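All remarks here apply to the structure that follows.
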Amino acid sequence: MSIGERLKEARKAKGFSQDKLAEAIGTSRTVITDIERDKTEHPRVSYVDTICKTLEISKEWLLRDEGPMAYPLPEWNANEILTQIHEILVDLRPEEQIYVLDMIKTYEKHRIALNKET
């Protein structure tokens, strides 16, 4: 399987259109199309890094078909994360806490909207 075929497989597995992936990595659809059709022999390192992060795939798998497709995600401890968030918030003024809460709510609305598009 070629780099282009692996990219297409990973992109579709994550529910990304070529346009959506291009937007996510800051390039044009043509770049994604060219990579998927193997018209680009050596994709830019910056594209490869961003593609792998966006699609949560291993660079070794994408470039050389070595190892598993997905890269191992770090283990998250929900209690530890909530503790860190709490420690930050308690030091803020009430109006700053409200601002942070509004930012989180806005993020959640955008995340839900993006998930509905896929």
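Rule-based calculations on the coordinates, nothing more; no lab input. Everything numeric here is computed off the predicted structure, so don't read it as measured data. FYI the Cβ positions are ideal-geometry reconstructions off the backbone, even for glycines, and counts take in every protein chain you see.
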Checklist entry - Relative contact order (percent) for the chain, with alpha-carbon contacts under 8 angstrom and 6 or more residues of separation? => result 21
Checklist entry - With contacts defined as alpha carbon pairs under 8 Å and 6 or more residues apart, what's the relative contact order of the range 3-64 in percent? => result 39
Checklist entry - In straight Cα distance, which lysines are under 26 Å from LYS8, not counting same-chain residues fewer than 8 positions off? => result LYS20, LYS39, LYS53, LYS59, LYS116
Item to check | Table column - 3J(HN,Hα) (Hz), the range 27-43, Karplus curve with 6.51, -1.76, 1.60, x for Gly and Pro | outcome: 9, 9, 4, 4, 4, 5, 4, 4, 5, 5, 8, 6, 7, 9, 5, 10, x
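So which trypsin sites (Lys or Arg not before Pro) in the range 20-49 end up in coil per DSSP with only 11 or fewer other C-beta atoms within 10 Å?
Details: sites: LYS20, ARG29, ARG37, LYS39, ARG44; in loops: ARG37, LYS39, ARG44.
Answer in residue order: LYS39.
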Next on the checklist: Between helix 78-90 and the chain, what is the angle of the helix's C-alpha long axis to the longest principal axis, kept within 0 to 90° and rounded to the nearest 10?
Outcome noted: 50
Next on the checklist: Please give the Cα centre distance for the range 42-118 versus the range 2-39, rounded to the nearest Å.
Outcome noted: 20
Checklist entry - What residue among GLU60, GLU36, GLU87 has the largest mean-square fluctuation in a Gaussian network model of the chain, using Cα springs under 10 Å? => result GLU87
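Just check the range 3-64 against the gyration tensor rule for me: Cα atoms, a ≥ b ≥ c as the square roots of the eigenvalues, rounded for a/c under 1.5, and otherwise prolate or oblate depending on whether a/b exceeds b/c. Before the final figure, lay out each step's value.
Working: a/c = 1.24, a/b = 1.06, b/c = 1.17.
Note, shape of the range 3-64 comes out rounded.
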Checklist entry - Which angle between 0 and 90 degrees, to the nearest 10, do you get for helix 45-55 versus the longest principal axis of the chain when only C-alpha atoms count? => result 60
Item to check | Hydrodynamic radius of the chain per Kirkwood, over alpha carbon pairs, in Å | outcome: 16.7
Checklist entry - Which value in deg cm²/dmol, rounded to the nearest 500, describes the helix-derived mean residue ellipticity at 222 nm for the chain, given -39,500 (n - 2.57) per DSSP H run of n ≥ 4 and division by the residue count? => result -21000 deg cm²/dmol
Checklist entry - Amide H to amide H, which residues 5 or more places from ILE57 or on other chains are under 5 Å from it, using H placed in the peptide plane? => result TYR71
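Taking K and R as +1 and D and E as -1, what net charge do the other residues with C-beta under 12 Å from the C-beta of ILE25 add up to? Walk me through the numbers on the way to the answer.
Working: positive: ARG11, LYS20, ARG29, ARG44, LYS53; negative: ASP19, GLU23, ASP49.
Net charge in that neighbourhood comes out at +2.
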